[in-house]
Amino acid sequence: MVNRGGGARVVVRARESCVHGEGGQGTDRVAETEEPSMDMGDQADEAWLFGVQCKLYQWSRTHPEDSYRDVWNWITYLRNLRCTWRKIVLNKGRRTAGIDGMTVAGIKTTMGMEMFLEQLHGDLKSGRYKPSPSRRKLIPKPRQPGKFRPLGIPTVRDRVVQCAVKNILEPIFEAGFWHVSYGFRPGRGCHGALEYIRLSMCPRVKAEDGRCQRTPYQWVIEGDIKGCFDNIDHHQLMERVPAAKSGRSWQSRGRPSAGRYRASHRPAGRW
């Protein structure tokens, strides 16, 4: 993860959005009068988000030491919230409720998507939004009888905001990751890591007699940190992430356990 401290402050803008001014841009006024279909609206939201992510990635790659002061405007923009809502609706966890007992289906029935996102947008912009504690659930570990993996289940409301934050911060940090990093990154996984290892071990240089030289690497080391996410030092982890990009308000909200609230000193789960 690249260091983002210091440097000049940067405002990244996009002509197709009104994030930085709450209206007043001609393209948005025309779009409002045309009343496009839901499919066209979904495509427009996705195209807008993809464009913003590309710009943030390119800027972060060419200006790695600069900081961003208007990230919150991108995060709270309704187009971004609509994109995150659609991701959550398609996720398998949509039937799982958080501490408030609300599921995606329940929100659709009681108030509808538009009203839900409008209220959430208003709370985010006014500062009224406060994340809720995560519901704690223990998941049995496969092939390890008697062992469980703790899972923090946020409310649907918190999931939308967390995903909205991820949409904007991910391209900023992606630009600073090493190309050999495959863990928890979009479009990457263990199969890609194994293929990279396989190619790295193949001899590339031939000797004068035409035979391949020795492989550049002789060893592959596989390791696992026992209970990594359970024992990692939360405070040291947060000190290495700039406050404007850390999402630490969710990670410190705690969880209910045995009917009592317990504060969190380490992350309760991953986005």
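The values are calculated or read from the model by the stated rules, or taken from the named source; none is laboratory data. Keep in mind the model is a prediction, meaning the values are calculated, not measured. Glycine gets a Cβ as well: all are built from the backbone with ideal geometry, and neighbour counts include every protein chain shown. For accessibility, only protein heavy atoms count, side chains too; no ligands or nucleic acids. Shrake-Rupley method; radii C 1.70, N 1.55, O 1.52, S 1.80 Å.
Can you tell me how many residues in segment 91-106 are assigned to a helix (DSSP H, G or I), closer than 15 Å to Cys163 by Cβ and not basic (Lys, Arg)? Walk me through how you get there before you give the answer.
Filtering segment 91-106 for residues assigned to a helix (DSSP H, G or I) gives 92-95, 104-106.
Retained after the next criterion (residues that are closer than 15 Å to Cys163 by Cβ): 92-94, 104.
The next check asks that each one be not basic (Lys, Arg); those that pass are 93, 104.
Total satisfying the criteria: 2.
Among residues belonging to segment 157-204 that are polar (S, T, N, Q) and under 27 Å from Pro64 (Cα atoms), point out the one that is surrounded by the most Cβ atoms within 10 Å (Cβ to Cβ). Break it down stepwise before answering.
First, the residues of segment 157-204 that are polar (S, T, N, Q): 162, 167, 181, 200.
Okay, now just the ones that are also under 27 Å from Pro64 (Cα atoms), so 162, 167, 181.
Values: Gln162: 18, Asn167: 21, Ser181: 12.
In this case the residue turns out to be Asn167.
Ile197 versus (1) at pLDDT 85 or above; (2) hydrophobic (A, V, I, L, M, F, W, C); (3) in a loop (DSSP other than H, G, I, E, B): which is the lone unmet condition?
(3)
What number of residues within segment 69-99 satisfy the criterion of being closer than 18 Å to Lys130 by Cα and open to solvent by 50 Å² or more (accessible area, probe 1.4 Å)?
2
Can you work out which of the residues in segment 223-241 that are open to solvent by 70 Å² or more (accessible area, probe 1.4 Å) and either in contact with a strand residue (DSSP E or B) (Cβ under 7 Å, 6 or more places away or on another chain) or not in a loop (DSSP other than H, G, I, E, B) (or both) is farthest from Arg149 (Cα to Cα)?
For segment 223-241, the residue satisfying everything is Glu239.
Scanning segment 107-124 for residues that are surrounded by 14 or more Cβ atoms within 10 Å (Cβ to Cβ) and not hydrophobic (A, V, I, L, M, F, W, C), which turns out nearest to Val160 (Cα to Cα)?
This residue is His121.
Out of Lys130, Lys137, Lys108, Lys125, I need the residue that is of a type in the set (Lys, Arg) and farther than 22 Å from Asn80 by Cα. Which one?
Working: Lys130 fails: farther than 22 Å from Asn80 by Cα; Lys108 fails: farther than 22 Å from Asn80 by Cα; Lys125 fails: farther than 22 Å from Asn80 by Cα.
Answer to the check: Lys137.
Taking Gly127 and the conditions (1) of a type outside the set (Val, Ile, Thr); (2) more than 20 Å from the chain's Cα centre (by Cα); (3) at pLDDT 90 or above; (4) on the phi < 0 side of the Ramachandran plot, which numbered condition does it fall short on, given that it satisfies the others?
The failed condition is (4).
Taking segment 91-113, which residues are among the hydroxyl-bearing types (Ser, Thr, Tyr) and within 22 Å of the chain's Cα centre (by Cα)? First the steps, then the outcome.
At the first step, the residues of segment 91-113 found to be among the hydroxyl-bearing types (Ser, Thr, Tyr) are 96, 103, 109-110.
Passing the criteria: Thr96, Thr103.
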